[in-house]
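The values are calculated or read from the model by the stated rules, or taken from the named source; none is laboratory data. These numbers come from a predicted model, not from an experiment. Neighbour counts are summed over all protein chains in view; Cβ atoms, including those assigned to glycine, are modelled from backbone coordinates with ideal geometry.
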Ligand code: AGP
């Protein structure tokens, strides 16, 4: 939801903080602020509603010179975007400044207590309560700041990643987390960097520490770093080397990150199946499955968990696993699953899908499933993320950093990995004969080239986008494997163009939505050649008969659907199980061009953030996992963890 950065070292903090905030702006961008400790010990706090550029304009030429500082870019949860609600927030004495990502659930109770003790809080935020609470503990207990932070956090219910600056101690920076992500970068010289993820850190160092839940880190100017749990237990820091290249964080000559990420898909899909799809041996190799084959072999059901686009990838996987591996699958919105008191059996295998690896609902759903004895396998794009560390095993999607808020390459990378898994299980469980198995493997291995072919002829999408850019509504229709793609296409259009769009199983039209059809309603059909093609063609006729404006995504060489449609976009022929990897591409491009034509901010759409790390109280305890966690690292192309080995089992 929000982006936080921090710096302690020999250099002026200001440029490092601002650069870091710009890199994290995809997480939240309705207001920004920084705080530094200037010579003479003055605490300088600058904050402004709007993007980071509004903050730098507000600060002007007179840049802070302090060599310790914190910065924040906000996605409002408590209190509307405004200067006073922007972070950092200070305590009553103005001694400490604090930035926060997450939600303090019991902030009203704490606020009442503090107000009762004479504290005057000036903002609507939950975060300001924390700054006052820490100062209150310091004042009343005389505890040193790290201990005061620990004691104060014991009173807090909710999710947080915080960084605290103390005017009395310019040689220290304190950071702590619970549920919200936080990474510490260890610099060459005696310097430390803090970030919500590695993106504001990699320009400075590749050595990082992933702070775990309920840990408090004290960074010292002399290079010393101490980590203790909220329960006051010492923790030995574990430094990891990340291989995130700066180039992957730049736009690489594209106007927007979203467009760059759409055109990266031939590479990101290739990297997600590299080392896993092995044509020579005619097999799929995934150690995350191999290590737990007994579990998969006896699985009675697969439960898939995710949110948003990841949920749509899960829906494609339902079709894949049921038709290729003949295992019953249920796909769950993680936010519903976690509160629905679901029935989970230890014979279930749970697949949790998440690009960021930090989505709070998915994390909580994972903990609930683990608590009920299910084996949880993660499909995730960020190495070292909470979901990667809390699942029993998993597979990384190797799509590289996804900066555009609207997910594109992460979706196709997720579907590519899930397709490889379904082919593998179908084979191992004896449901795929040699010929079908080899055809699927060969075609999957060839998908990156077909994706390139679709993207090379994308200019047609722009012309069609001009046709639809003034629409107020749109309908996306597909059947079978293409139903989830219709949902994903509608989500992309909603997210970045703010046009109200809905995805539907094409046959459902007659049961209501067809009432919406008139000459103003764009209808996007996915009508590729597969078992239900003829059914889709008749659905197109039903819409045509009511004057709908039809765009059909068809297979190259199609003849029927194209005759009925007003506009056609083609994708190459392939096995129906693999077609979602192609048909989603015109959807992504169409929404991109329509949003552009409507003057929308494609990379940072209104009201959205890249990773939804906030939610209410997590009902289940954390509980360190005891069984070894195995994530396959077959393909070592763009692993962020240099050594390939994945986090060893954690010592409780
Ligand atoms: C998709 O474009 C959105 N950014 C959003 O729906 C996203 O897919 C959802 O928040 C899940 O995020 P995750 O994959 O990082 O868990």
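Helices (runs of 4 or more DSSP H) fully within the range 407-503 that include at least 1 residues being more than 17 Å from residue 551 (Cα to Cα) and away from the ligand (no atom under 16 Å from the Cβ): 409-428, 434-456. Taking the criterion of being within 15 Å of residue 120 (Cα to Cα) and either assigned to a strand (DSSP E or B) or more than 28 Å from the chain's Cα centre (by Cα) (or both), the residues of the range 97-109 that qualify are 108, 109.
Taking residue 578 as the residue in question, decide whether it is touching a helix residue (DSSP H, G or I) at 6+ places or on another chain (Cβ under 6 Å) and surrounded by fewer than 20 Cβ atoms within 10 Å (Cβ to Cβ).
Working: touching a helix residue (DSSP H, G or I) at 6+ places or on another chain (Cβ under 6 Å): yes; surrounded by fewer than 20 Cβ atoms within 10 Å (Cβ to Cβ): no.
Here the answer is no, as residue 578 does not meet what is asked.
Does residue 300 satisfy being in contact (Cβ under 8 Å) with a residue 12 or more places away in the chain and loosely packed, with under 15 Cβ neighbours inside 10 Å?
Spelling it out, residue 300 is indeed in contact (Cβ under 8 Å) with a residue 12 or more places away in the chain and loosely packed, with under 15 Cβ neighbours inside 10 Å.
Which one of 316, 329 is farther than 30 Å from residue 214 by Cβ, without any contact (Cβ under 8 Å) to a residue 40 or more places away in the chain and either away from the ligand (no atom under 11 Å from the Cβ) or crowded, with 24+ Cβ neighbours inside 10 Å (or both)? Steps first, answer last, please.
Numbers: 316 fails: without any contact (Cβ under 8 Å) to a residue 40 or more places away in the chain.
So the residue among 316, 329 that is farther than 30 Å from residue 214 by Cβ, without any contact (Cβ under 8 Å) to a residue 40 or more places away in the chain and either away from the ligand (no atom under 11 Å from the Cβ) or crowded, with 24+ Cβ neighbours inside 10 Å (or both) is 329.
Residue 335 passes every criterion in (1) within 11 Å of the ligand (Cβ to nearest atom); (2) surrounded by fewer than 24 Cβ atoms within 10 Å (Cβ to Cβ); (3) without any contact (Cβ under 8 Å) to a residue 60 or more places away in the chain apart from (3).
Annotation note: Cβ proximity below 8 Å between a residue of the range 373-394 that is farther than 21 Å from residue 612 by Cα and without any contact (Cβ under 8 Å) to a residue 40 or more places away in the chain and a residue that is away from the ligand (no atom under 13 Å from the Cβ) and not in a helix (DSSP H, G or I) (sequence gap 6+ or interchain) occurs for 373/344; 373/345; 373/346. Would you check if there is a residue in the range 246-266 being in contact with a strand residue (DSSP E or B) (Cβ under 9 Å, 6 or more places away or on another chain), at pLDDT below 95 and not in a loop (DSSP other than H, G, I, E, B)? Looking through the range 246-266, none of the residues is in contact with a strand residue (DSSP E or B) (Cβ under 9 Å, 6 or more places away or on another chain), at pLDDT below 95 and not in a loop (DSSP other than H, G, I, E, B). Yes or no: the range 376-394 includes at least one residue that is under 22 Å from residue 275 (Cα atoms), within 9 Å of the ligand (Cβ to nearest atom) and not in a loop (DSSP other than H, G, I, E, B). Yes: one or more hits. Number of residues in the range 349-364 that are away from the ligand (no atom under 11 Å from the Cβ) and touching a residue at least 60 places away in the same chain (Cβ under 8 Å) equals 2. Scanning the range 488-500 for residues that are in contact with a strand residue (DSSP E or B) (Cβ under 8 Å, 6 or more places away or on another chain) and surrounded by fewer than 24 Cβ atoms within 10 Å (Cβ to Cβ) yields 491, 494, 499, 500.
Hey, does the range 2-18 have a residue that's in contact with a strand residue (DSSP E or B) (Cβ under 6 Å, 6 or more places away or on another chain), farther than 20 Å from residue 204 by Cα and surrounded by 24 or more Cβ atoms within 10 Å (Cβ to Cβ)? So far as the range 2-18 goes, yes, one or more of its residues are in contact with a strand residue (DSSP E or B) (Cβ under 6 Å, 6 or more places away or on another chain), farther than 20 Å from residue 204 by Cα and surrounded by 24 or more Cβ atoms within 10 Å (Cβ to Cβ). Among the residues of the range 338-348, those that are more than 14 Å from the ligand (Cβ to nearest atom) and closer than 21 Å to residue 392 by Cα comprise 342, 343, 344, 345, 346, 347, 348.
Name the single residue that is nearest to the ligand (Cβ to nearest atom) among those in the range 296-313 being more than 21 Å from the chain's Cα centre (by Cα) and farther than 19 Å from residue 342 by Cβ.
296
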